[in-house]
Amino acid sequence: MEVAEEIEIAIVGGGICGLATALALHRKGLRSVVLERSESLRATGAGITIRTNGWRALDELGVASKLRQTAMPLQGARDICLNSGKQREIPLGGGETRCLKRMDLITALAESLPRGTIRLGCQALSVRLDSSTSSPSLHLQNGSSIKAKVLIGCDGTNSVVADFLDLNPSKLFSLSEVRGFTMYPSGHNFGNHFVQVKGDKCTVGRIPIHNKLVYWFVTQKVMYGRGGLEVPKDPELIRQLTLEAIKDFPSEMIDMISKSDTESLSNTRLRYRSPWDILVGNFRKGSVTVAGDAMHTMGPFLGQGGSAGIEDSIVIARCLAQKLAENYDKKSRARHIMMMKVEEALDKYVKERRMRLVLLSTQTYLAGLLQQDSGLIVKFVCIILMTALFSDMTRHTRYDCGCL
(Lines give C-alpha, C1' and ligand atoms only; values in the text may rest on other atoms or scores of the structure.)
Protein backbone atom coordinates (compact mmCIF):
# COMPACT_ATOMS: atom_id res chain seq x y z
CA MET A 1 0.00 0.00 0.00
CA GLU A 2 1.46 3.36 -1.04
CA VAL A 3 2.54 5.58 1.85
CA ALA A 4 1.00 9.05 1.80
CA GLU A 5 3.36 11.96 1.28
CA GLU A 6 3.46 14.35 4.22
CA ILE A 7 3.29 18.11 3.60
CA GLU A 8 3.20 20.95 6.09
CA ILE A 9 0.66 23.14 4.25
CA ALA A 10 -1.20 21.96 1.15
CA ILE A 11 -3.15 24.40 -1.02
CA VAL A 12 -5.68 22.93 -3.44
CA GLY A 13 -6.01 25.08 -6.55
CA GLY A 14 -3.46 27.09 -8.51
CA GLY A 15 -5.63 30.06 -9.40
CA ILE A 16 -5.22 33.61 -8.15
CA CYS A 17 -6.20 32.88 -4.55
CA GLY A 18 -4.17 29.67 -4.30
CA LEU A 19 -1.00 31.27 -5.64
CA ALA A 20 -1.53 34.41 -3.54
CA THR A 21 -1.94 32.26 -0.43
CA ALA A 22 1.25 30.33 -1.19
CA LEU A 23 3.13 33.60 -1.73
CA ALA A 24 1.76 35.16 1.47
CA LEU A 25 2.87 32.09 3.43
CA HIS A 26 6.27 32.21 1.73
CA ARG A 27 6.68 35.87 2.71
CA LYS A 28 6.04 34.78 6.32
CA GLY A 29 8.60 31.97 6.11
CA LEU A 30 6.06 29.14 5.86
CA ARG A 31 6.47 26.44 3.23
CA SER A 32 3.48 25.24 1.22
CA VAL A 33 2.68 23.18 -1.86
CA VAL A 34 0.08 24.23 -4.44
CA LEU A 35 -1.79 21.35 -6.08
CA GLU A 36 -3.23 22.40 -9.44
CA ARG A 37 -5.33 19.95 -11.45
CA SER A 38 -4.45 21.39 -14.87
CA GLU A 39 -1.24 20.59 -16.70
CA SER A 40 -0.42 24.30 -16.91
CA LEU A 41 -1.34 27.48 -15.09
CA ARG A 42 -4.22 29.13 -16.87
CA ALA A 43 -6.65 31.97 -16.37
CA THR A 44 -10.35 31.83 -17.25
CA GLY A 45 -12.15 35.13 -17.68
CA ALA A 46 -9.57 37.24 -19.56
CA GLY A 47 -9.43 40.36 -17.37
CA ILE A 48 -9.79 41.15 -13.68
CA THR A 49 -10.52 44.49 -12.05
CA ILE A 50 -8.45 45.30 -8.99
CA ARG A 51 -9.78 48.06 -6.75
CA THR A 52 -7.88 50.03 -4.09
CA ASN A 53 -8.24 47.35 -1.42
CA GLY A 54 -6.84 44.73 -3.79
CA TRP A 55 -3.80 46.85 -4.59
CA ARG A 56 -3.09 47.20 -0.87
CA ALA A 57 -3.02 43.41 -0.61
CA LEU A 58 -0.84 43.05 -3.73
CA ASP A 59 1.58 45.58 -2.24
CA GLU A 60 1.86 43.33 0.81
CA LEU A 61 2.67 40.39 -1.46
CA GLY A 62 5.37 42.39 -3.22
CA VAL A 63 3.99 42.08 -6.76
CA ALA A 64 2.01 45.31 -7.14
CA SER A 65 4.81 47.44 -8.61
CA LYS A 66 5.44 44.96 -11.42
CA LEU A 67 1.74 44.65 -12.21
CA ARG A 68 1.17 48.41 -12.27
CA GLN A 69 3.46 48.56 -15.30
CA THR A 70 1.06 46.33 -17.27
CA ALA A 71 -2.17 48.33 -16.88
CA MET A 72 -3.25 51.98 -16.86
CA PRO A 73 -5.17 53.44 -13.91
CA LEU A 74 -8.84 54.13 -14.57
CA GLN A 75 -9.83 57.77 -14.19
CA GLY A 76 -13.59 57.40 -14.31
CA ALA A 77 -16.60 55.29 -15.20
CA ARG A 78 -20.04 55.87 -16.64
CA ASP A 79 -23.32 54.11 -17.31
CA ILE A 80 -25.17 54.65 -20.59
CA CYS A 81 -28.78 53.65 -21.14
CA LEU A 82 -29.14 52.13 -24.62
CA ASN A 83 -32.77 53.16 -25.08
CA SER A 84 -32.65 56.75 -23.84
CA GLY A 85 -28.99 57.61 -24.27
CA LYS A 86 -28.88 59.03 -20.75
CA GLN A 87 -25.52 58.85 -19.03
CA ARG A 88 -24.49 58.89 -15.40
CA GLU A 89 -21.12 58.80 -13.71
CA ILE A 90 -20.25 55.67 -11.72
CA PRO A 91 -18.12 56.41 -8.65
CA LEU A 92 -14.90 54.41 -8.48
CA GLY A 93 -14.31 55.34 -4.87
CA GLY A 94 -11.04 57.20 -5.30
CA GLY A 95 -7.74 55.47 -4.79
CA GLU A 96 -6.53 53.10 -7.47
CA THR A 97 -8.49 50.96 -9.94
CA ARG A 98 -6.91 49.06 -12.83
CA CYS A 99 -7.93 46.15 -15.02
CA LEU A 100 -5.28 43.46 -15.36
CA LYS A 101 -4.92 40.51 -17.66
CA ARG A 102 -5.61 37.57 -15.37
CA MET A 103 -2.63 35.73 -16.81
CA ASP A 104 -0.35 38.66 -15.93
CA LEU A 105 -1.50 38.42 -12.32
CA ILE A 106 -1.12 34.63 -12.18
CA THR A 107 2.33 34.82 -13.77
CA ALA A 108 3.52 37.50 -11.34
CA LEU A 109 2.38 35.41 -8.36
CA ALA A 110 3.82 32.15 -9.72
CA GLU A 111 7.21 33.66 -10.59
CA SER A 112 7.55 35.00 -7.04
CA LEU A 113 7.22 31.52 -5.50
CA PRO A 114 10.14 29.19 -4.74
CA ARG A 115 10.83 26.49 -7.33
CA GLY A 116 8.82 23.35 -6.66
CA THR A 117 5.95 25.08 -4.85
CA ILE A 118 3.47 24.46 -7.69
CA ARG A 119 2.60 20.91 -8.73
CA LEU A 120 0.64 20.60 -11.95
CA GLY A 121 -1.63 17.74 -12.95
CA CYS A 122 -2.66 17.05 -9.34
CA GLN A 123 -6.44 16.81 -9.20
CA ALA A 124 -7.93 16.37 -5.74
CA LEU A 125 -10.80 13.91 -5.53
CA SER A 126 -11.68 13.84 -1.85
CA VAL A 127 -10.61 14.88 1.64
CA ARG A 128 -10.86 12.99 4.92
CA LEU A 129 -9.47 13.37 8.44
CA ASP A 130 -7.02 10.74 9.66
CA SER A 131 -8.67 9.01 12.63
CA SER A 132 -5.42 8.69 14.59
CA THR A 133 -3.82 12.09 13.99
CA SER A 134 -6.81 14.26 12.97
CA SER A 135 -4.67 15.49 10.06
CA PRO A 136 -6.39 15.99 6.69
CA SER A 137 -5.62 13.45 3.99
CA LEU A 138 -6.08 14.40 0.34
CA HIS A 139 -6.71 11.74 -2.29
CA LEU A 140 -5.57 12.56 -5.82
CA GLN A 141 -6.78 11.33 -9.20
CA ASN A 142 -3.45 9.59 -9.90
CA GLY A 143 -4.07 7.27 -6.94
CA SER A 144 -1.63 8.91 -4.53
CA SER A 145 -2.43 10.52 -1.19
CA ILE A 146 -1.11 13.52 0.68
CA LYS A 147 -1.25 14.16 4.40
CA ALA A 148 -1.05 17.77 5.47
CA LYS A 149 -0.88 19.60 8.77
CA VAL A 150 -2.92 22.37 7.16
CA LEU A 151 -5.17 22.09 4.09
CA ILE A 152 -6.48 25.21 2.38
CA GLY A 153 -9.05 24.84 -0.38
CA CYS A 154 -8.64 27.51 -3.07
CA ASP A 155 -10.24 25.26 -5.67
CA GLY A 156 -13.00 27.53 -6.87
CA THR A 157 -16.74 27.21 -7.15
CA ASN A 158 -16.88 23.41 -7.43
CA SER A 159 -14.58 22.90 -4.47
CA VAL A 160 -13.69 19.45 -3.17
CA VAL A 161 -12.56 21.04 0.08
CA ALA A 162 -15.83 22.98 0.47
CA ASP A 163 -17.69 19.68 0.01
CA PHE A 164 -15.62 18.19 2.85
CA LEU A 165 -16.66 21.13 5.05
CA ASP A 166 -20.33 20.42 4.15
CA LEU A 167 -20.84 23.93 2.80
CA ASN A 168 -24.02 24.53 0.86
CA PRO A 169 -23.40 24.57 -2.89
CA SER A 170 -23.21 27.90 -4.67
CA LYS A 171 -26.31 29.12 -6.50
CA LEU A 172 -26.90 30.42 -10.02
CA PHE A 173 -27.96 33.90 -11.01
CA SER A 174 -30.19 33.86 -14.08
CA LEU A 175 -27.33 35.66 -15.81
CA SER A 176 -24.43 34.61 -17.99
CA GLU A 177 -21.36 36.58 -18.96
CA VAL A 178 -19.14 36.51 -22.04
CA ARG A 179 -15.63 37.95 -21.59
CA GLY A 180 -12.78 38.68 -23.93
CA PHE A 181 -9.95 40.91 -25.14
CA THR A 182 -9.70 43.09 -28.21
CA MET A 183 -6.35 44.38 -29.42
CA TYR A 184 -6.05 47.68 -31.31
CA PRO A 185 -2.57 47.59 -32.94
CA SER A 186 -2.66 51.31 -33.75
CA GLY A 187 -4.15 52.23 -30.40
CA HIS A 188 -7.74 52.91 -29.30
CA ASN A 189 -9.35 56.25 -28.50
CA PHE A 190 -11.35 55.14 -25.46
CA GLY A 191 -9.15 56.94 -22.95
CA ASN A 192 -8.88 55.44 -19.50
CA HIS A 193 -12.57 55.24 -18.61
CA PHE A 194 -14.75 52.24 -17.85
CA VAL A 195 -17.98 52.42 -19.87
CA GLN A 196 -20.99 50.16 -19.74
CA VAL A 197 -24.07 50.34 -21.98
CA LYS A 198 -27.25 48.83 -20.57
CA GLY A 199 -29.99 47.43 -22.77
CA ASP A 200 -33.16 45.54 -21.89
CA LYS A 201 -31.63 42.06 -22.05
CA CYS A 202 -27.90 42.60 -21.78
CA THR A 203 -25.15 44.96 -20.65
CA VAL A 204 -21.88 45.58 -22.52
CA GLY A 205 -18.89 46.80 -20.52
CA ARG A 206 -15.52 48.03 -21.81
CA ILE A 207 -12.39 48.56 -19.72
CA PRO A 208 -9.05 49.62 -21.20
CA ILE A 209 -6.02 47.70 -19.92
CA HIS A 210 -3.51 49.83 -21.80
CA ASN A 211 -3.63 52.04 -24.88
CA LYS A 212 -3.79 49.09 -27.29
CA LEU A 213 -5.74 46.45 -25.33
CA VAL A 214 -9.33 46.47 -24.11
CA TYR A 215 -11.12 43.99 -21.85
CA TRP A 216 -14.84 43.68 -22.41
CA PHE A 217 -17.79 41.73 -21.04
CA VAL A 218 -21.38 41.11 -22.08
CA THR A 219 -23.78 40.20 -19.28
CA GLN A 220 -26.97 38.59 -20.53
CA LYS A 221 -30.20 37.50 -18.90
CA VAL A 222 -30.61 33.74 -19.21
CA MET A 223 -33.74 32.75 -21.08
CA TYR A 224 -35.30 29.63 -19.57
CA GLY A 225 -36.59 27.00 -21.96
CA ARG A 226 -35.60 26.39 -25.60
CA GLY A 227 -32.09 25.41 -24.54
CA GLY A 228 -31.53 28.72 -22.77
CA LEU A 229 -29.70 27.10 -19.87
CA GLU A 230 -26.95 25.75 -22.08
CA VAL A 231 -23.76 27.82 -22.11
CA PRO A 232 -21.81 27.46 -25.38
CA LYS A 233 -18.08 26.81 -25.05
CA ASP A 234 -16.95 27.02 -28.69
CA PRO A 235 -15.23 30.44 -29.05
CA GLU A 236 -16.53 31.20 -32.53
CA LEU A 237 -20.08 30.26 -31.53
CA ILE A 238 -19.74 32.47 -28.43
CA ARG A 239 -18.74 35.39 -30.66
CA GLN A 240 -21.60 34.84 -33.12
CA LEU A 241 -24.25 34.54 -30.40
CA THR A 242 -22.88 37.59 -28.59
CA LEU A 243 -22.93 39.70 -31.74
CA GLU A 244 -26.54 38.65 -32.31
CA ALA A 245 -27.43 39.65 -28.75
CA ILE A 246 -25.90 43.15 -29.08
CA LYS A 247 -26.95 43.94 -32.65
CA ASP A 248 -28.75 47.10 -31.49
CA PHE A 249 -25.77 48.43 -29.50
CA PRO A 250 -23.37 51.17 -30.69
CA SER A 251 -21.26 50.22 -33.70
CA GLU A 252 -17.98 50.62 -31.79
CA MET A 253 -19.17 47.93 -29.32
CA ILE A 254 -20.12 45.58 -32.15
CA ASP A 255 -16.79 46.23 -33.88
CA MET A 256 -14.92 45.59 -30.62
CA ILE A 257 -16.46 42.16 -30.18
CA SER A 258 -16.25 41.15 -33.83
CA LYS A 259 -12.48 41.85 -33.76
CA SER A 260 -11.85 40.21 -30.39
CA ASP A 261 -9.14 37.66 -29.72
CA THR A 262 -10.84 34.28 -30.21
CA GLU A 263 -8.62 32.50 -27.70
CA SER A 264 -9.60 34.95 -24.96
CA LEU A 265 -13.34 34.33 -25.24
CA SER A 266 -15.19 32.57 -22.45
CA ASN A 267 -18.82 32.21 -21.44
CA THR A 268 -19.97 31.34 -17.94
CA ARG A 269 -23.09 31.29 -15.82
CA LEU A 270 -22.73 33.68 -12.90
CA ARG A 271 -22.81 32.06 -9.47
CA TYR A 272 -22.86 33.22 -5.85
CA ARG A 273 -22.69 31.89 -2.33
CA SER A 274 -25.63 33.39 -0.48
CA PRO A 275 -24.90 35.97 2.24
CA TRP A 276 -26.69 33.87 4.87
CA ASP A 277 -24.53 30.84 4.01
CA ILE A 278 -21.43 32.96 4.56
CA LEU A 279 -22.87 34.32 7.80
CA VAL A 280 -23.50 30.88 9.35
CA GLY A 281 -21.24 28.57 7.32
CA ASN A 282 -18.67 26.37 9.06
CA PHE A 283 -15.49 27.28 7.22
CA ARG A 284 -13.15 25.23 9.39
CA LYS A 285 -13.07 21.52 10.22
CA GLY A 286 -9.95 20.35 12.00
CA SER A 287 -7.03 21.98 10.18
CA VAL A 288 -8.98 22.38 6.93
CA THR A 289 -10.39 25.65 5.60
CA VAL A 290 -11.23 27.41 2.34
CA ALA A 291 -10.46 30.75 0.69
CA GLY A 292 -11.35 32.63 -2.49
CA ASP A 293 -14.26 31.41 -4.61
CA ALA A 294 -14.38 28.14 -2.67
CA MET A 295 -15.43 30.26 0.31
CA HIS A 296 -17.30 33.20 -1.17
CA THR A 297 -17.94 33.01 -4.90
CA MET A 298 -19.79 36.16 -5.92
CA GLY A 299 -21.01 37.99 -8.98
CA PRO A 300 -18.66 40.41 -10.79
CA PHE A 301 -20.82 43.46 -10.17
CA LEU A 302 -18.46 45.15 -7.68
CA GLY A 303 -15.21 43.95 -9.24
CA GLN A 304 -14.21 42.46 -5.87
CA GLY A 305 -14.14 38.66 -6.30
CA GLY A 306 -10.43 38.43 -7.06
CA SER A 307 -9.42 41.12 -4.57
CA ALA A 308 -11.39 39.43 -1.80
CA GLY A 309 -9.46 36.22 -2.46
CA ILE A 310 -6.14 38.08 -2.27
CA GLU A 311 -7.29 39.62 1.03
CA ASP A 312 -8.01 36.08 2.26
CA SER A 313 -4.43 35.09 1.49
CA ILE A 314 -2.99 37.94 3.56
CA VAL A 315 -5.19 37.22 6.56
CA ILE A 316 -4.74 33.44 6.60
CA ALA A 317 -0.95 33.72 6.28
CA ARG A 318 -0.80 36.30 9.07
CA CYS A 319 -2.95 34.17 11.39
CA LEU A 320 -1.01 30.97 10.70
CA ALA A 321 2.38 32.66 11.07
CA GLN A 322 1.48 33.94 14.51
CA LYS A 323 0.81 30.38 15.68
CA LEU A 324 3.32 28.33 13.68
CA ALA A 325 6.43 30.39 12.99
CA GLU A 326 8.40 29.90 16.21
CA ASN A 327 7.83 26.15 16.30
CA TYR A 328 7.63 25.49 12.58
CA ASP A 329 10.62 23.13 12.35
CA LYS A 330 10.78 22.01 15.94
CA LYS A 331 9.56 18.54 16.88
CA SER A 332 9.83 18.99 20.61
CA ARG A 333 6.21 20.01 21.03
CA ALA A 334 3.45 17.42 20.99
CA ARG A 335 1.58 17.10 17.73
CA HIS A 336 -1.78 17.75 19.34
CA ILE A 337 -0.52 21.08 20.68
CA MET A 338 0.57 22.06 17.18
CA MET A 339 -2.79 21.05 15.73
CA MET A 340 -4.57 23.07 18.39
CA LYS A 341 -2.52 26.12 17.40
CA VAL A 342 -3.42 25.57 13.73
CA GLU A 343 -7.11 25.34 14.55
CA GLU A 344 -6.92 28.51 16.64
CA ALA A 345 -5.25 30.29 13.73
CA LEU A 346 -7.88 29.15 11.25
CA ASP A 347 -10.70 30.16 13.60
CA LYS A 348 -9.13 33.61 13.87
CA TYR A 349 -8.90 33.82 10.08
CA VAL A 350 -12.55 32.86 9.60
CA LYS A 351 -13.71 35.29 12.28
CA GLU A 352 -11.74 38.16 10.77
CA ARG A 353 -13.02 37.52 7.26
CA ARG A 354 -16.66 36.63 7.92
CA MET A 355 -18.35 40.01 8.23
CA ARG A 356 -16.26 41.55 5.45
CA LEU A 357 -17.46 38.76 3.18
CA VAL A 358 -21.07 38.95 4.38
CA LEU A 359 -21.19 42.63 3.39
CA LEU A 360 -19.49 42.06 0.02
CA SER A 361 -21.71 39.09 -0.82
CA THR A 362 -24.87 40.96 0.22
CA GLN A 363 -24.05 43.95 -1.97
CA THR A 364 -23.18 41.77 -4.98
CA TYR A 365 -26.25 39.59 -4.41
CA LEU A 366 -28.57 42.61 -4.44
CA ALA A 367 -26.81 44.01 -7.51
CA GLY A 368 -27.30 40.68 -9.28
CA LEU A 369 -31.00 40.56 -8.44
CA LEU A 370 -31.38 44.05 -9.90
CA GLN A 371 -29.77 42.95 -13.18
CA GLN A 372 -31.72 39.74 -13.71
CA ASP A 373 -35.49 39.33 -14.25
CA SER A 374 -36.45 39.31 -10.57
CA GLY A 375 -39.88 40.93 -10.73
CA LEU A 376 -40.90 44.45 -9.75
CA ILE A 377 -41.52 43.69 -6.07
CA VAL A 378 -38.17 41.96 -5.62
CA LYS A 379 -36.37 44.80 -7.39
CA PHE A 380 -38.17 47.39 -5.25
CA VAL A 381 -37.06 45.57 -2.08
CA CYS A 382 -33.50 45.34 -3.43
CA ILE A 383 -33.40 49.09 -4.06
CA ILE A 384 -34.63 49.76 -0.52
CA LEU A 385 -32.00 47.43 0.97
CA MET A 386 -29.24 48.87 -1.21
CA THR A 387 -30.14 52.38 -0.11
CA ALA A 388 -30.34 51.41 3.56
CA LEU A 389 -27.25 49.18 3.76
CA PHE A 390 -24.96 50.57 1.08
CA SER A 391 -25.66 54.29 0.76
CA ASP A 392 -21.89 54.67 0.33
CA MET A 393 -21.63 52.45 -2.74
CA THR A 394 -17.82 52.39 -2.84
CA ARG A 395 -17.07 51.90 0.82
CA HIS A 396 -15.93 48.34 0.05
CA THR A 397 -12.93 49.74 -1.87
CA ARG A 398 -11.56 51.47 1.23
CA TYR A 399 -11.25 48.27 3.25
CA ASP A 400 -7.75 47.45 4.52
CA CYS A 401 -6.97 43.78 5.25
CA GLY A 402 -3.89 44.84 7.19
CA CYS A 403 -0.20 44.06 6.98
CA LEU A 404 1.13 40.65 6.19
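The values are calculated or read from the model by the stated rules, or taken from the named source; none is laboratory data. None of the values given here were measured: they were computed from a predicted structure. Neighbour counts run over all protein chains shown; Cβ positions are idealised from the backbone, glycine included. Quick note on the areas: whole protein, heavy atoms, side chains included, nothing else; ligands and nucleic acids left out. Shrake-Rupley method; radii C 1.70, N 1.55, O 1.52, S 1.80 Å.
Between Ser134 and Gln240, what's the calculated FRET efficiency when r is the beta-carbon distance and R0 is 60 Å? Round to 0.05.
Details: r = 54 Å, r/R0 = 0.89.
Using R0 = 60 Å, I get an efficiency of 0.65.
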* Whole-Hz Karplus ³J(HN,Hα) for segment 168-182, in order, using 6.51 cos²θ - 1.76 cosθ + 1.60 and θ = phi - 60°, x for Gly and Pro? -> 5, x, 5, 10, 9, 6, 8, 9, 10, 9, 9, 9, x, 10, 10
* Find out how many positive minus negative residues lie around Arg51, taking Lys and Arg as positive, Asp and Glu as negative, among other residues whose Cβ is under 10 Å from that of Arg51. => +2
* **Summed side-chain charge close to Ala148 - residues other than Ala148 whose Cβ falls under 11 Å, Lys, Arg +1, Asp, Glu -1** => -2
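Can you tell me what share of the DSSP beta bridges in segment 62-214 is antiparallel? A percent to the nearest 5 is fine. Mind showing how you got there, number by number?
On the way: 20 of 26 bridges.
The answer is about 75 percent antiparallel.
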* Would you mind calculating the gained length between Asp200 and Lys259 on full extension (0.36 nm times residue separation, minus the Cα-Cα distance), in nm to one decimal? => 18.8 nm
* What residues of segment 86-121 lie in the reach of a label at Met72, counting those whose backbone N is under 12 Å from a point 7 Å from the Cα along Cα→Cβ? -> 99
* Asked: So between Ser391 and Met103, what do we pick up on full extension, going 0.36 nm a residue minus the alpha carbon distance?
  -> 100.2 nm
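May I ask for the equivalent-ellipsoid semi-axes of segment 109-219, computed as the square root of five times each C-alpha gyration tensor eigenvalue and listed largest first in whole Å?
On the way: eigenvalues 345, 88, 23 Å².
Equivalent ellipsoid of segment 109-219: 42, 21, 11 Å, largest first.
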* Asked: So what is Rg over Rh here for segment 1-135, counting just Cα atoms and using Kirkwood for Rh?
  -> 1.12
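Can you give the calculated 222 nm mean residue ellipticity of the chain, where each DSSP H run of n ≥ 4 adds -39,500 (n - 2.57) and the sum is split over every residue, rounded to the nearest 500 deg cm²/dmol?
On the way: 12 runs with 142 residues, N = 404.
It comes out at -11000 deg cm²/dmol, rounded to the nearest 500.
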* Structure fact -> Using alpha carbon positions and the Kirkwood radius, the Rg to Rh ratio of the chain is 0.98
* Structure fact -> Across all Cα atoms of segment 246-299, Rg and the largest Cα-Cα distance (Dmax), in Å, are 18.9, 56
* Structure fact -> On the accessible surface of the chain, probed at 1.4 Å with all protein chains in place, carbon and sulfur together account for a percent value of 52
* Under a point spin-label approximation (7 Å from Cα along Cα-to-Cβ), what is the Glu344-Thr157 distance to one decimal in nm? -> 3.9
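Roughly how large, in nm² to one decimal, is the mean projection of the convex hull of the alpha-carbon atoms in segment 246-387? Write down the numbers at each step before the final one.
Details: hull surface 50.9 nm².
So the mean shadow area of the Cα hull is 12.7 nm².
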* Asked: Given the Cα-Cα distance of Ser65 and Met355 and 0.36 nm per residue of separation, how much length would full extension add, in nm?
  -> 101.4 nm
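Could you rank the peptides 198-210, 82-94, 296-308 by their average count of other C-beta atoms within 10 Å per residue, with the highest value first?
Numbers: 198-210: 19.2, 82-94: 12.2, 296-308: 24.2.
Packing proxy ranking, top to bottom: 296-308, 198-210, 82-94.
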* To do: Write down the accessible area per residue of segment 1-111 in Å², having rolled a 1.4 Å probe over the full set of protein chains.
  => 45
* Using the 4.7 Å Cβ rule, please list in number order the cysteines from the chain without any candidate partner. => Cys81, Cys99, Cys122, Cys202, Cys319, Cys382, Cys401, Cys403
* Asked: Relative contact order of the chain: what whole-number percent is it, with Cα pairs under 8 angstrom and at least 6 residues apart?
  -> 22
* Whole Å is fine, so just give me how far the alpha carbon centre of segment 343-404 lies from that of segment 169-191. => 23
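Sum up the charges of everything whose Cβ sits under 14 Å from the Cβ of Ala162, counting Lys and Arg as +1 and Asp and Glu as -1, but leave Ala162 out.
Local net charge: -1.
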* **Residue-normalised accessible area of segment 260-404, given per residue in Å² at a 1.4 Å probe** => 44
